[in-house]
Each structure stands twice: as structure tokens, then as C-alpha cells.
Amino acid sequence: MKKIVTISLGVFVLVLVVIFAMWFGSMQNQNNTNSNINQNQKEIIQRNDNNLVLDMQEVARHNSASDCWTVVRGKVYDVTEFSALHPGGEGAIIYNCGKDGTVGFDTKGGKGSHKDSALDVLSKYLIGDLVVYQGK
Amino acid sequence: MNNFFKKNIGWLIFGILALTPVIRWFLIDNLNFKFSNISTIATSFGQITGLLGIILFALNLITGSKIKIVDKIFFGLPDALNFHAIIGALGFCLILFHPILLAVRYLNFSISKTAMFFVPQGFDAISWGIYALGIMILLMVLTYYVKLKYNIWLFTHKFMILAFALAFAHIALIDSDISRDLFLRYYVLGISIISIVVYLYNVILDKIFYNNLEYNIIRVDKLAENITQIELEPKAKFISFIPGQFVFIKFKSNNLTQEAHPFSISSDNNQKNLEFTIKSLGDFTSKISNLKVGGKAFVKGAFGKFSCNYFPNTDQIWISGGIGITPFLSMARSLPKNNNQKIDLYYCVKNKSEAILLDKLKEIEKNNKYFRVISWFSDEQGLINAENIAKLSDNINNKNIFICGPVSFMNNLKLQLIKIGVKNNNIHWEKFSFNN
């Protein structure tokens, strides 16, 4: 048993050391000020430049874990990156790729509700308002 | 009930308890999503290690509590404590891999986010988990790599409950499969609460309600340089026990530390007084000879299933190495006179001067024609082995064999006996992992 504990502890310490060493390394190299949020916004602007029509048809095209759009309360979000960071696990979001995820968001898949701060988090990934065709 | 179930039922029950939530986890969501790419696979294994880790931690607390029900479910407390040590170590390793595997998904994003995942941010769900892990690592390092005195180690080990309480806050608050799935939520939180209650019962209530019975020391005999025999008389209530069992004793003496230590009873179970024959093997037991007649002792028990009574009406072989003779003395003294159970007791010591209880055993032999004592002196005859025993006792493959003595003595004999065809389930031993 002692062997297994020693190996596990060794791996744990090694991984932490590597991660923190890489982090310090990356901090020293990071002189460009592009934050992730700015990059997100740039991408969103690019998408808008492409003259995309944000209707359900377009959303439905992005229906995989590697390209995941969803709709919450009439707004379209690209949650591809966020799904990995979702506190409730990736699975909860991936269900809603390419679909209207409003009900899933409001009810946490039938098991509760999100706090208001969750909408703020989501807003970082906003692409735009969903286009709904009247009469259809 | 055959010997296999008699001896392993505790491991089976607790094994099923540990694996149930993992099986449930595999059933709740579509597995394609959970194992679709490296990041989701790592996250999934991170969740499984966390889930199994916390359940093992909870079962570890339960099996580490010295309560009767654990003694009953397992093959005695020593067996439960073996389980306790194994799942404690396994659970700890799983919990170490839990954050590492969960951190993989952050690598997709940035190294700084990955690093920050390991840094507590205050008092949120993830931070509680980090604090719990920190305390666990510290306590496990003390357990495995620092040689502390038993009473000091025991004191530090009690802080495991703090690590568990923080881990409990972590699983209760975190948004995860445990919070989404009702079965998992009630199961994990339920077992965690039970384990906290059992732990607190053992540590606190036990002291308040005096589960320990009070005894007076009425005899302290130094049988040899390093062996002391003491006799305790109950002040009022007394414990009942099965021969072969042990109790925890706390001595009220200025010479000894106050924590409870386990000792095998060597007296007959038909009398109220308890007799113990104790060899000085460590810090605590070396001071036993300083005890004085008239001193007080608090006794808790009795525990253990290392007893001929659990295998009634079977012919048996008892093998003792050195001070391992004590439970057999109790068993021999308690044998019913009209029983036709054939028993051979091997009393293995270095030489005749060490065979301090031989006269008492010969006395019992005289009065019971089915009971035979075979003394074995290793200085003259060499170390006893399974072949010697097979020559001296007939039909050993169909007998229940009890071994008690130093760990290497028990390990060697057990392996040799299995080699010559004795079934593993017919060999009984009690591996004390407590320190004396």
C-alpha cells in the first residue's frame, strides 16, 4: 500500500510542479495584452462580418462538442470553449448544442435553477440575437 | 454459512457499498458524451475518482471506528482495521488523481486557468475540496513517512474528520453529477453523514456515556523479564466475552499514557475477572510492569472473531508463536469438558525458559482427553513448519487452523499450509495492525 501511496503522491506533486512552472513561464512571456475576452469579442465581430443570419437553421449547424452553439432566452451563444469549463460538467451543455437550451438553462435540466451570475458568465460567449421568422 | 462468507462478508458488503454509486454514475447520462474526447474522458475519470474516493473515505471512517457492529460485520475489528487501512490508502490515491484529471479540460483553455484551478479562491465549493485535500496529504504523510509515537500519531489521525467535513462541504455544494442525480446525491450524502455520526459516536459519546467499564487491578505478576500478567476485577458491571477475544484498556496510571490499547484476554470466559498476559513490545507495553495493585483500568469490548467458538464441532489446530499464546490460553481454559472436539495446540517458543504458560496448559491437557499440547522449541528443533505439523497432527486438510504470533511467523506458516493443501478459508489469524 505504501508503494501505491508514494507513487500517487509523486505523480500529484510532479503534475503540480509542471503546471505551476509552465504558468510562471507563460506569465513571463506574456507581454501582449490580448485577453481571452478580447479575443472572444474579435471572433464574434468576425462572425457578424460574415453576414450570418442567426436563425435556428444556422444554430442547428453547430451541434457538436467541437462546435457548439446554443440559444438561451432568444440569444445565440457559442459555448464550445465554455462547455469544458461548465461547473456542472460538459455533458449538461453538450445536450443543447445546435438547439434552444433555454429550458435546460432555466431548470438545470430539470434539477434546479441557475443563479443570475450564470447569465453574466454566458454573456462572454454571446454571438447575437436569434432571428425568428414571424408567421413560420 | 461456510467459512468463505463467514470471513469475507464484511469485505463483500462494503465493496458493494463502494461500487454502487460508480455503477449508478455510468447509468445516468449518455456515455458517448462522457467519453467523446480526451478532455471529456479525463473529466469523466476525474468524476469517478472523486466519487469513489469520497465513498471509500466515508467507509474508511466507519471501519476505523471501534464499534461492535463493525466488529460483527467483519471478521473482527482487526479485519475491519485491515480494510480500513487498505481503503484509506486507495481512497487517498483516487482523491489525489481527482483534481489532476479534472484539470485536463482547463488545459484546452490556458495554463493560467489550469494552475488557478489548484489555488483556493476563498470559501466556494472547489476551495473546500482543496482545503480537504491539503489536510489529507499532510495527515497521510504523517502516517506513512514520519515515525511518530502511537499516541501522538493517533491524535494527529483524528484530524481526518476535519478533512472529511471539508470534503463533505465540497460534495454537498458543488454542481456535479452528485447534485444533478437524486440517487447519487442521497446515497453519497447519506453515507457521508452516517460515517460522520459513527465517528463522532466513537470519539465523543463513548467518553461521555462511559462505554468503558471500570475495573480494579488486583494482581501484577512479572512472569519473566519482559512478560507481565495482570488481573482485573470489575467494580460493578463486567464484560462478557468469547474466548479468544480482546478488549481495549485504558489504564489510569501516572506511568502510562491515557489512550486505549488492545489486549487479548487470557482468562476463562466463565469468570468475571479478566487476566492478561502482556509482553513488552513497545513504548506502552514496556511500562505495564510498573502498574500497581489497586490501580484503575477502563475496559471496552470485547472484540474479535478469532475464536474456536465461531467454528463449533470441528477439529482444530491452534498454533502460537511466542506471546501469541494468550488467546489460546483463554480458549483452552474455556473448553467445555464433555466436548469431543479434537484440538492440538502448538506452543512455539525459542526454549523451555520462554514457555512460561506451559504448566498451565499441561494442567488443562490432563483434564481433557481431546486437548493436546505440543511444545516446540526452535533453539533445539528449528523453526516449526507446515510439514512438522502435518506429521504430528492427522488430517490437517479438514481442520480449522488458528495461528497467532508475530506477523512473519503467521505469514510463513500460512503460505506453507496452503502449499501442502490446506484451504485458505480454513486458516484463521488475527493480524493486529494496532501498535502496542
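The values are calculated or read from the model by the stated rules, or taken from the named source; none is laboratory data. Treat the numbers as computed from the prediction; the structure is a model and nothing was measured. A quick note on method: Cβ atoms are made from the backbone with ideal geometry, for glycine too, and the neighbour counts reach across all protein chains shown. Remember, those area values only see protein heavy atoms, side chains included, never the ligands or the DNA or RNA. Shrake-Rupley method; radii C 1.70, N 1.55, O 1.52, S 1.80 Å.
On the stretch given as the stretch B:225-271, residues that are assigned to a loop (DSSP other than H, G, I, E, B), in contact with a Phe, Trp or Tyr (Cβ under 9 Å, 6 or more places away or on another chain) and over 24 Å from B:F311 (Cα atoms) total 7. Which members of the stretch B:86-110 meet the condition of being open to solvent by 50 Å² or more (accessible area, probe 1.4 Å) and at pLDDT 90 or above? B:I86, B:L90, B:F97 - these are the residues of the stretch B:86-110 that are open to solvent by 50 Å² or more (accessible area, probe 1.4 Å) and at pLDDT 90 or above.
Set side by side, the residues B:L96, B:L56 differ, and just one is closer than 21 Å to A:K3 by Cα and within 12 Å of another protein chain (Cβ to nearest Cβ), which is B:L96. Of all residues in the stretch B:171-187, those that are under 16 Å from A:G88 (Cβ atoms) and away from every other protein chain (no Cβ under 11 Å) total 3.
Every test in (1) open to solvent by less than 20 Å² (accessible area, probe 1.4 Å); (2) at pLDDT 90 or above; (3) within 8 Å of chain A (Cβ to nearest Cβ); (4) more than 25 Å from B:Y187 (Cβ to Cβ) is passed by B:I137 save one, and that test is (1). Applying a threshold of 7 Å to beta carbon distances and a minimum spacing of six or more residues, or different chains, the list of pairs starting in the stretch B:350-371 at a residue that is modelled with pLDDT of 90 or more and ending at one that is among the charged types (D, E, K, R) and assigned to a helix (DSSP H, G or I) reads B:K350/B:D379; B:N351/B:D379; B:I364/B:R333; B:F371/B:E365.
Quick check, is B:A297 touching a strand residue (DSSP E or B) at 6+ places or on another chain (Cβ under 6 Å), at pLDDT 90 or above, open to solvent by less than 50 Å² (accessible area, probe 1.4 Å) and assigned by TED's automatic domain parsing to the domain that holds B:F238? Here the answer is yes, as B:A297 does meet what is asked. Considered as a group, the residues in the stretch B:71-87 that are more than 8 Å from chain A (Cβ to nearest Cβ) and without any contact (Cβ under 8 Å) to a residue 40 or more places away in the chain include one that is nearest to the chain's Cα centre (by Cα), and that residue is B:H84. When B:I67 is tested against the conditions (1) modelled with pLDDT of 90 or more; (2) open to solvent by less than 50 Å² (accessible area, probe 1.4 Å); (3) among the β-branched types (V, I, T), the lone failure is (1). Tell me whether the stretch B:32-45 contains one or more residues that are assigned to a helix (DSSP H, G or I), open to solvent by less than 10 Å² (accessible area, probe 1.4 Å) and away from chain A (no Cβ under 12 Å). Checked against the condition, which is being assigned to a helix (DSSP H, G or I), open to solvent by less than 10 Å² (accessible area, probe 1.4 Å) and away from chain A (no Cβ under 12 Å), the stretch B:32-45 yields no hits at all. Looking at the structure I just gave you, is B:F164 open to solvent by 50 Å² or more (accessible area, probe 1.4 Å) and on the phi < 0 side of the Ramachandran plot? In short, no. Give the residue that is farthest from B:L77 (Cα to Cα), with candidates limited to residues of the stretch B:8-31 that are surrounded by fewer than 18 Cβ atoms within 10 Å (Cβ to Cβ) and within 12 Å of another protein chain (Cβ to nearest Cβ). The residue in question is B:N30.
Screening B:K431, B:K419 for residues that are touching a residue at least 60 places away in the same chain (Cβ under 8 Å), out of contact with any strand residue (DSSP E or B) (no Cβ under 8 Å at 6 or more places or on another chain), open to solvent by 10 Å² or more (accessible area, probe 1.4 Å) and basic (K, R) leaves exactly one candidate, B:K431.
The rows are residues; the columns are (1) in contact (Cβ under 8 Å) with a residue 24 or more places away in the chain; (2) surrounded by fewer than 17 Cβ atoms within 10 Å (Cβ to Cβ).
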| position | (1), (2) |
| --- | --- |
| B:V141 | no, yes |
| B:K149 | yes, yes |
| B:L154 | yes, yes |
| B:F168 | yes, no |
| B:I194 | yes, yes |
| B:I204 | no, yes |
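Does B:G134 satisfy the condition of being part of a helix (DSSP H, G or I) and within 22 Å of B:L19 (Cα to Cα)? No: the conditions fail for B:G134. Regarding B:Y199, is this residue surrounded by 17 or more Cβ atoms within 10 Å (Cβ to Cβ), assigned to a helix (DSSP H, G or I) and touching a Phe, Trp or Tyr at 6+ places or on another chain (Cβ under 9 Å)? Taking the combined requirement at face value, the residue satisfies it.
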